[in-house]
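All remarks here apply to the structure that follows.
The values are calculated or read from the model by the stated rules, or taken from the named source; none is laboratory data. For clarity, every value in this text was computed on a predicted model and none was experimentally measured. Positions of Cβ are backbone-derived with ideal geometry, glycine not excepted, and every protein chain shown enters the neighbour counts. All accessible areas refer to the heavy atoms of the entire protein, side chains included, with ligands and DNA or RNA removed. Shrake-Rupley method; radii C 1.70, N 1.55, O 1.52, S 1.80 Å.
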Amino acid sequence: MAETPFTDQCISITGDSGAQIQIRFRDVVELINEGIYCVNSNGVLVFVNEKFCKSIGYNASEIIGKPIFDMVYGEENVRISKAKLDLRRKGISDSYDILMRKKNGESVWLRLSGKPLIDGSGEFMGVIVLTTEIARQRRLEEELIYAKEDLESKVIARTRQLSEANQMLNEEIKERKMADVSLKNSEKRFRDIFNNSPDAIYIESPEGIILDVNEATCRLHEANREDLIGKTIFDISPPEIHDKIRKSQPKVIDGKLSKFESESITLSGKRVPIEVSAAHIDFKGHRALLVHVRDISDRLRHQELLEKLNSDLEEKVKERTKELQEVNQRMQMEIAEKEKIQDELQRQKDFLRLIIDSTPNMIFVKDEHGKYLLANESVANFYNVTPAEMEGHYDSEDHFTQQELNEFKEQDQLALDSTKEVQFPDQNIINRETGEQLWIQMVKKAIPSISGNETNILGVATDITAVKMAKEEIRLSEQLYREIARNLPKAAMFIFDKELKYILAEGPLVGIVSKPKNEIEGKTVYDSIRESDRERVKQIYYNILDGESSETEQTFFERSLKVYHLPIRDDLGEIIYGMVMVFDISDLKGVQRELEHRATQLQRSNEELERFAYVASHDLQGPLRTIASYLQLLELRYKNKLDPEAIEFIDFSVNGAKRMQQLILDLLNYSKISSVPKPFVKTNLNELVKQVLKGLNSTIKASHAEVSVDSLPELVVEPNHLYQLFQNLIDNSLKFVKNDKPKVKISAIERDDEWEFSITDNGIGIREEYKDKIFMIFQRLHSVSEYPGTGVGLAICKKVVQLHGGRIWFTSVSDNGTTFYFTISKHAGEAEKI
């Protein structure tokens, strides 16, 4: 990428061929109020103004020299920007909107107006682009589009409503026309029915006046139409029922009574039984009753005849019923007896079903084509269905391979061809649908079907998976024992069963401490040892099989042997085998004797070193006190006669003597920890820490320290040692602080077999590489002038913790405090006694 110099006067753009063009500010002065940027022919930014930088949130120095595509938001916009750069190379100028990415990750819409920059020779040098923020314009356009879409949707909705209303109006007009036609047709049909009905039809007013009648009414009353119209229902009814008519008429008018029986009379006075049906109609614009009247004289005669016949029939029915009851009673007794038999058969069937469902074996019946007719729960469980769903089921490739299906068919055919049951070799089957895998032992037999017309196949498959797995586990176990025994150096392993028969004899010592392997495996204890030892060994072996374990050491031809007698148990804890393991420990005995000798020497050496450290530390105190005292006395008497340099030398000597004295004192304390043992006693650590803080009271007050102590336990410890431990750790937390007020927190957490203590401060911290160094004696991380001390305190802490069966460590962040952790065993007192 060619460099593009920028001056206050112009912009120079260097093209790929080395030619340059310059853009002077007077050429773009009219555009200063908008964002401007220039890119070279490769799209790399060579100039930006403040307006453009402000729009995307960058400084000019952050983006000059970077491709403009890095500031474009989204792959599609990057593609458009590159396409526009290609158009500028062709000399085309235009404007387009694009989404740019701001420095903070947000997006902003800009309208870019680009113009190609061409040098004097016509070579494309780059593009100058005018940018305008169009976020508000885009928002207005989106709102306009939304408003337009909303208006269009409302227009469409209103148009749809008007269309629906217009359609409903047209349909209503059409329905009214059809109603008029239907009304005319209905009136014509009514008149046809009225005149041609075989039943008498009256049209009456609510007051009972006859308004119209049909021909059948005239025939019923033996009168003309004119004779009846205008009369009332009382005129055509017998006088005896007029009161009844008066009572029933209101009910008919109200619609509560629409059908009833009555009587009518003819003009000649003849009484006619009738059946009346009444309904309300509109007659010539007025409310009226449409009354259907039917002559029921024939029906009543037939009814009387029927009643007589029914009476005769009832007598015959009673006689026949009595006969049928006697027959029915006999049948009921027979049915009850059959139900008892069926219940008994069902109970036997249910019992048989319970038996076959309860057995772990797979029991099934197939027809000659392989369709299941019956299957117990074991079969159904293998197929992951219910026993009822197995009926009509076939073995398919959903469950088995084609080879397995062929084997099943061959087995079925062999069973059908045989006159007795056929047992097949052990077979491994896998349900491909459920993944269940079984080893089965299959037996099949041909049996007659229930109808006796066909031959079925009875199959019983015994699940021998557990047996197979047990055999495999025994084989693997035996192989494992053999491999272990073969690889045990200078050892022999013997395993025997409950009949005292050896099933395994393996290991490098077999044949050395016993007979050869081929004379032991498969033989009993009596065959493999001397007769004089049989009873003793037999008793030992029976003790092993009774669950007794033991170990002994024996000498065999100057060899030291370790003999273990162990029972071998299964997963249920049952003893299944006995085991004897023999190890040659001659070398181990020699090493043990050597270690005991060296341990004695080491203990003696440690005791001498501790006594030497104690004596040396104690005896060195006197000379150092003398040197320090006389140097101080010399300074006191001759202070006015000595020059400042001599006085400074005396101060150095006195300080050195005092420091040496403190080092010797700390060394003495360090040596006392293990050389002068003290008894462990039950100690309340809350009280002990109070005494420690009381001793450090002056330091705490001087540094304005804050010390908090959680509840601490009561343990069996050496209290003086624990006092030194807490004192050293708390003193360090108060000492190693720079400018802050010291803050120290002491807490404890109970673990399974120990207590874990922590002392946390806000000091200067310790770097991780010093995690081992700081617990070594006389090791310091700072000069004496920075922080006083001898470097013995943490070494004493480590030794105290170790004597109490614990460990000590720390976690720290530089300049952000340190937490020291240490543990004290709950059995520290017991360990000290041992």
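Here is a yes/no grid of residues against (1) loosely packed, with under 10 Cβ neighbours inside 10 Å; (2) under 19 Å from residue 72 (Cβ atoms); (3) not basic (Lys, Arg):
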site: 118; (1), (2), (3): no, no, yes
site: 128; (1), (2), (3): no, yes, yes
site: 143; (1), (2), (3): no, no, yes
site: 147; (1), (2), (3): no, no, yes
site: 150; (1), (2), (3): no, no, yes
site: 154; (1), (2), (3): no, no, no
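Any residue in region 642-655 that's farther than 18 Å from residue 626 by Cβ and charged (D, E, K, R): show its pairings with residues that are modelled with pLDDT of 70 or more and open to solvent by less than 100 Å² (accessible area, probe 1.4 Å) at Cβ separation under 7 Å, as long as the two are six or more apart or on different chains.
Between residues of region 642-655 that are farther than 18 Å from residue 626 by Cβ and charged (D, E, K, R) and residues that are modelled with pLDDT of 70 or more and open to solvent by less than 100 Å² (accessible area, probe 1.4 Å), there is no close pair.
Return only the number of the condition from (1) crowded, with 16+ Cβ neighbours inside 10 Å; (2) under 38 Å from the mean Cα position of the chain (by Cα) that residue 407 does not satisfy.
Every condition holds for residue 407 apart from (2).
Quick check on residue 526: is it open to solvent by 50 Å² or more (accessible area, probe 1.4 Å), touching a residue at least 40 places away in the same chain (Cβ under 8 Å) and within 11 Å of residue 500 (Cα to Cα)? Let's see the steps before the verdict.
On the way: open to solvent by 50 Å² or more (accessible area, probe 1.4 Å): yes; touching a residue at least 40 places away in the same chain (Cβ under 8 Å): no; within 11 Å of residue 500 (Cα to Cα): yes.
When the stated conditions are applied, residue 526 does not pass them.
Every residue, every condition in (1) of a type outside the set (Gly, Ala, Ser); (2) at pLDDT 85 or above, yes or no:
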position: 671; (1), (2): no, no
position: 678; (1), (2): yes, no
position: 690; (1), (2): yes, yes
position: 706; (1), (2): yes, yes
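Quick one: which of 61, 107, 95, 81 is open to solvent by less than 50 Å² (accessible area, probe 1.4 Å) and under 56 Å from the mean Cα position of the chain (by Cα)?
Details: 61 fails: open to solvent by less than 50 Å² (accessible area, probe 1.4 Å); 107 fails: open to solvent by less than 50 Å² (accessible area, probe 1.4 Å); 95 fails: open to solvent by less than 50 Å² (accessible area, probe 1.4 Å).
Result: 81 is the single residue among 61, 107, 95, 81 that is open to solvent by less than 50 Å² (accessible area, probe 1.4 Å) and under 56 Å from the mean Cα position of the chain (by Cα).
Quickly run through region 575-585 and pick out the residues that are surrounded by fewer than 16 Cβ atoms within 10 Å (Cβ to Cβ) and closer than 18 Å to residue 538 by Cβ.
575
So which of 201, 233 is within 19 Å of residue 287 (Cα to Cα) and either without any contact (Cβ under 8 Å) to a residue 60 or more places away in the chain or under 60 Å from the mean Cα position of the chain (by Cα) (or both)?
On the way: 201 fails: either without any contact (Cβ under 8 Å) to a residue 60 or more places away in the chain or under 60 Å from the mean Cα position of the chain (by Cα) (or both).
Every option except 233 fails the conditions.
Assess whether residue 173 counts as being modelled with pLDDT under 80, under 26 Å from residue 258 (Cα atoms) and in a helix (DSSP H, G or I).
Answer is no for this residue.
Out of everything in region 676-726 that is part of a helix (DSSP H, G or I), among the small types (Gly, Ala, Ser) and open to solvent by 70 Å² or more (accessible area, probe 1.4 Å), what residue ends up being nearest to residue 806 (Cα to Cα)? Outline the logic, then answer.
First pass over region 676-726, keeping only residues part of a helix (DSSP H, G or I): 685-695, 697-703, 719-726.
From what's left, among the small types (Gly, Ala, Ser): 695, 698, 702-703.
With the extra rule that they be open to solvent by 70 Å² or more (accessible area, probe 1.4 Å), the set shrinks to 698, 702.
Values: 698: 31, 702: 33 Å.
Taking the candidates together, the pick is 698.
Can you name every residue in region 437-451 that is modelled with pLDDT under 85, assigned to a strand (DSSP E or B) and open to solvent by 20 Å² or more (accessible area, probe 1.4 Å)? If you could, list the steps in order and put the result at the bottom.
Our first condition is that a residue be modelled with pLDDT under 85; within region 437-451, this holds for 437-441, 449-451.
After this cut, where a residue has to be assigned to a strand (DSSP E or B) as well, the list is 437-441.
Of everything in region 437-451, those that are modelled with pLDDT under 85, assigned to a strand (DSSP E or B) and open to solvent by 20 Å² or more (accessible area, probe 1.4 Å) turn out to be 437, 439, 441.
Within region 329-371, how many residues are assigned to a helix (DSSP H, G or I), basic (Lys, Arg) and open to solvent by less than 90 Å² (accessible area, probe 1.4 Å)? Steps first, please.
Of the residues in region 329-371, the ones assigned to a helix (DSSP H, G or I) are 329-358.
Filter once more, keeping what is basic (Lys, Arg): 330, 338, 340, 347, 349, 353.
Among the residues that remain, those that are also open to solvent by less than 90 Å² (accessible area, probe 1.4 Å) are: 353.
Result for region 329-371: 1.
Within region 123-170, can you find the residues that are of a type in the set (Ser, Thr, Tyr), closer than 24 Å to residue 96 by Cα and at pLDDT below 80?
In the first step, residues of region 123-170 are kept if they are of a type in the set (Ser, Thr, Tyr); the result is 131-132, 146, 153, 159, 163.
Going one step further and asking which of them are closer than 24 Å to residue 96 by Cα, we end up with 131-132, 146.
Correct list: 146 only.
Which pairs have Cβ atoms under 7 Å, sit 6 or more apart or on different chains, and link a residue in region 453-470 that is over 18 Å from residue 425 (Cβ atoms) and of a type outside the set (D, E, K, R) to one that is open to solvent by 50 Å² or more (accessible area, probe 1.4 Å) and part of a strand (DSSP E or B)?
Short answer, once both residue conditions are applied: 455/448; 456/373; 458/445.
Which condition number does residue 572 fail, the rest of (1) modelled with pLDDT of 85 or more; (2) farther than 16 Å from residue 493 by Cα; (3) open to solvent by 80 Å² or more (accessible area, probe 1.4 Å) being met?
Only one criterion is unmet by residue 572, namely (1).
Against the condition touching a Lys or Arg at 6+ places or on another chain (Cβ under 9 Å), hydrophobic (A, V, I, L, M, F, W, C), surrounded by 11 or more Cβ atoms within 10 Å (Cβ to Cβ) and at pLDDT below 75, how does residue 628 come out, does it pass?
Numbers: touching a Lys or Arg at 6+ places or on another chain (Cβ under 9 Å): yes; hydrophobic (A, V, I, L, M, F, W, C): yes; surrounded by 11 or more Cβ atoms within 10 Å (Cβ to Cβ): yes; at pLDDT below 75: yes.
Judged against the criteria, residue 628 is a match.
How many residues does region 258-304 hold that are touching a Leu at 6+ places or on another chain (Cβ under 8 Å) and of a type in the set (S, T, N, Q)?
Selection size over region 258-304: 2.
Looking only at region 276-304, how many residues end up being open to solvent by less than 100 Å² (accessible area, probe 1.4 Å) and either free of Cβ contacts under 8 Å to residues at least 24 places away in the same chain or not in a strand (DSSP E or B) (or both)? Please lay out each step first, then the result.
Here is the first cut: in region 276-304, the residues open to solvent by less than 100 Å² (accessible area, probe 1.4 Å) are 276-281, 283, 285, 288-293, 295-300, 303.
Within this subset, residues satisfying the condition of being either free of Cβ contacts under 8 Å to residues at least 24 places away in the same chain or not in a strand (DSSP E or B) (or both) are 276-277, 279, 285, 296-300, 303.
Total meeting the criteria: 10.
Kindly evaluate residue 393 against the criterion of being without any contact (Cβ under 8 Å) to a residue 40 or more places away in the chain, open to solvent by 30 Å² or more (accessible area, probe 1.4 Å) and either touching a Phe, Trp or Tyr at 6+ places or on another chain (Cβ under 7 Å) or of a type in the set (Gly, Ala, Ser) (or both). Walk me through it before giving the result.
Numbers: without any contact (Cβ under 8 Å) to a residue 40 or more places away in the chain: yes; open to solvent by 30 Å² or more (accessible area, probe 1.4 Å): yes; either touching a Phe, Trp or Tyr at 6+ places or on another chain (Cβ under 7 Å) or of a type in the set (Gly, Ala, Ser) (or both): yes.
Judged against the criteria, residue 393 is a match.
Considering region 722-767 alone, what residues qualify as being more than 44 Å from the chain's Cα centre (by Cα) and free of Cβ contacts under 8 Å to residues at least 24 places away in the same chain?
Taking region 722-767 first, the residues more than 44 Å from the chain's Cα centre (by Cα) are 722-743, 763-764.
739, 740, listed by residue number.
Looking only at strands (runs of 3 or more DSSP E) that lie completely in region 489-558, which have at least 1 residues being modelled with pLDDT under 85, among the hydrophobic types (A, V, I, L, M, F, W, C) and under 59 Å from the mean Cα position of the chain (by Cα)? Break it down into steps so the answer makes sense when it comes.
On the way: elements: 491-496, 502-506, 550-556.
Correct list: 491-496, 502-506.
Would you pick out the residues in region 236-270 that are over 18 Å from residue 290 (Cβ atoms), acidic (Asp, Glu) and out of contact with any strand residue (DSSP E or B) (no Cβ under 6 Å at 6 or more places or on another chain)?
240, 243 - these are the residues of region 236-270 that are over 18 Å from residue 290 (Cβ atoms), acidic (Asp, Glu) and out of contact with any strand residue (DSSP E or B) (no Cβ under 6 Å at 6 or more places or on another chain).
Pairs needed: first member in region 343-366, touching a residue at least 24 places away in the same chain (Cβ under 8 Å) and under 20 Å from residue 445 (Cβ atoms); second member anywhere, hydroxyl-bearing (Ser, Thr, Tyr) and part of a strand (DSSP E or B); C-beta distance under 7 Å; at least 6 residues apart or different chains.
Between residues of region 343-366 that are touching a residue at least 24 places away in the same chain (Cβ under 8 Å) and under 20 Å from residue 445 (Cβ atoms) and residues that are hydroxyl-bearing (Ser, Thr, Tyr) and part of a strand (DSSP E or B), the close pairs are 361/462; 364/372; 366/372.
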